[in-house]
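The structure under discussion appears below in the form of C-alpha cells.
The values are calculated or read from the model by the stated rules, or taken from the named source; none is laboratory data. Since the structure is predicted, the reported quantities are computational estimates derived from the model, not experimental observations. Note that each Cβ is placed from the backbone with ideal geometry, even for glycine, and that neighbours are counted across all protein chains shown.
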Amino acid sequence: MCGIVGMVGRSEVAYDLYDALTVLQHRGQDAAGIVTCQGDKLNLRKNNGLVKDVFQQDHMDQLKGNMGIAHVRYPTAGTASSAEAQPMYVNSPFGICLSHNGNLINDRQLNEDLFRTDRRHINTSSDSEVLLNVFAHELQSVAGLHLSPDDVFKAITRVHERAVGAYAAVALIIGFGIVGFRDPHGIRPVCYGKRSTPLGVEYIIASESVALDILGFEFIDDIQPGQAVCIQTNGEVCIQQCAANVEYSPCIFEQVYLARPDSVIDDVSVYKSRLKMGEKLADKILRERPDHDIDVVIPIPDTSSTAALPMAHRLNVKYRDGLVKNRYIGRTFIMPGQKQRQKSVRQKFNTVDLEFRGKNVLLVDDSIVRGTTTRQIVQMAREAGAKKVYLASAAPPVRFPNVYGIDMPAACEFVADGNTIDEIAAYIGVDWLIYQDLEDLVDCALGINPKIKRFDTSVFDGDYITGGVDEKYLARIESQRGDGAKAGLRLAEMEIIELHNQG
C-alpha cells in the first residue's frame, strides 16, 4: 500500500508535492520520497520515515524544478531498506523516475527476462524497480531521439502485455513530462486534475482525490483501467487506452479501510460506502438479534467511526466515542513483530471509562486481520467496567493474503484462518461477534459507478482476478511476510549495519 503523486507546474512544485504526501500519509508510513526536475537535472530526496521527518528545510531548498513526482510507502515486496524507498530512477532512455502503488505477481519472471533478454540489472528486491525497468526497456524499443506521446503509449501497451498484478504508477521522463498509468483491472486507485494559476494551467496525478482537494485542483477523472495520461512540460495532455482487455475491478479494501473517508475513488464516495456498511450491518444484527440488549455503540477509531454512527441510529442506541486514539502511532496490523504490535495497541488507545462501566457495549471495527489489536481493546473494555462486550466487523472475515499491494501477514497469522466465528469470538474474548456478509459489503459500493461490474474481494474469498496466483506463489509471500521472516530480515539488516560500523 503506497501513495503516489506527480505534478507538472508553472512554478516550483516541491512544496505542493510535500503537502500532497502529508495528505496521503495514511497510505504509507514507512518511507517517503520526492524527485523534481529542473531543466535536465534531477533533484532527489528519499528516506525511511514519515514525511515530516524525511524532509527538512535544507532538503526542500534543493528540490528545485517545475515538474516532479513523489511517493509514500509501506513495504509490500522486499525489505524495509531505505534503498527501496521511491521514486526510483534509471538513466536510460532519457532518464526516468517512477513511483508505484501495487504489487506485481510475475516480478520474478520479469526480473529474469530483464536480465536475459533486455540486458538490464535489478539492484533491489522491489517489484517497483522491475516495473520501472520494463517500462524503460519498452520505451527504448519504440522511441527515437525525440520522444512523443505515441511512443509513451506504445511502451505502456507493452508493459500491460508483460506485467501481471496491480500497478498504479506515475513516471517522470526528463525533457518530456509525466505519465500516469494503471493496470487493466484498475485495482489500485489513481486520478488526475488541473488548476489555473496566473502563470498557466498546472496538472496533478495522485492516488486519492483528497490530495487534489487540499491543493485546490479541479478533479478531471480517474485514470481508467489500462489507460495512460501524458502531461507534457508544455502543459499538453494526451490520454489513450493502452490495454486491449480490461475489467474494472477496484480493490474493495480501499473502501473498507485504506482510503480517507473524504476521498472519492472511481466515482464512489468512501464516506457514503462506509455509511452503507454500517446500515447493512445493523440490519443483520436486527435480523439475528431483534431483541438485542446493546446499550451503546462505540467505534474502534478511526476508520470504523463512519460505519458506527448509522449503526447506532438504526439500532436505536447511543453512539459514544469511548475509545480515544493517539494519532501519532502507526497502523498496527502491518507492524513487524507481535510484541511491537501489542505494545503499540496500548500506546494507541485509551478508554473513557464512564462510557463502558456497567454497560453492554457493541464495539465496531472496520475489519479484523490478526485480531491482536481487537483482543487487547476488548480486554481494555472489560477493565473499564463493561458488563458485556460485543463486536461487529464492517467487513467479512479476512482469510486470504492480499497480493495486490497491501502487506497483510501470512494467512496462518489471520485470526479467521481455519476458525469458525465462535472460535474467533472466543479468541478475541467477546460475548458475541458478527461479521458483514460479503454480498452486503459489495452492495455498499456497487451500482454507483456503472463501469464497475465487480470489485476485487480476494482477501475475503480468495478469488484473485489477475490470475497467476497459485499455492506456490502464496507460499512464497508467506515466507516473506510472516513474523519469523520479518524478524530474520531485521536481524540480517542489523548484522549488516554492525559489520559496516566495524569496518
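Numbers at a glance
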| item | result |
| --- | --- |
| Residues satisfying the stated conditions in the stretch 164-183, i.e. assigned to a loop (DSSP other than H, G, I, E, B) and buried (at least 24 other Cβ atoms within 10 Å of the Cβ) | 176, 183 |
| Number of the condition not met by residue 131 [criteria: (1) buried (at least 22 other Cβ atoms within 10 Å of the Cβ); (2) without any contact (Cβ under 8 Å) to a residue 60 or more places away in the chain; (3) on the phi > 0 side of the Ramachandran plot] | (3) |
| Which numbered condition residue 99 misses (of (1) closer than 25 Å to residue 408 by Cβ; (2) surrounded by fewer than 22 Cβ atoms within 10 Å (Cβ to Cβ); (3) of a type outside the set (A, V, I, L, M, F, W, C)) | (2) |
| Residue in the stretch 52-62 that is farthest from residue 328 (Cα to Cα), counting only those that are surrounded by fewer than 24 Cβ atoms within 10 Å (Cβ to Cβ) and touching a residue at least 24 places away in the same chain (Cβ under 8 Å) | 60 |
| Residue that is modelled with the lowest pLDDT [pool: residues in the stretch 341-369 that are part of a loop (DSSP other than H, G, I, E, B) and buried (at least 20 other Cβ atoms within 10 Å of the Cβ)] | 369 |
| Any hit, the stretch 206-218, residues being charged (D, E, K, R) and closer than 25 Å to residue 106 by Cα | no |
| Options 68, 33, 102; residue that is assigned to a strand (DSSP E or B) and in contact with a Phe, Trp or Tyr (Cβ under 6 Å, 6 or more places away or on another chain) | 102 |
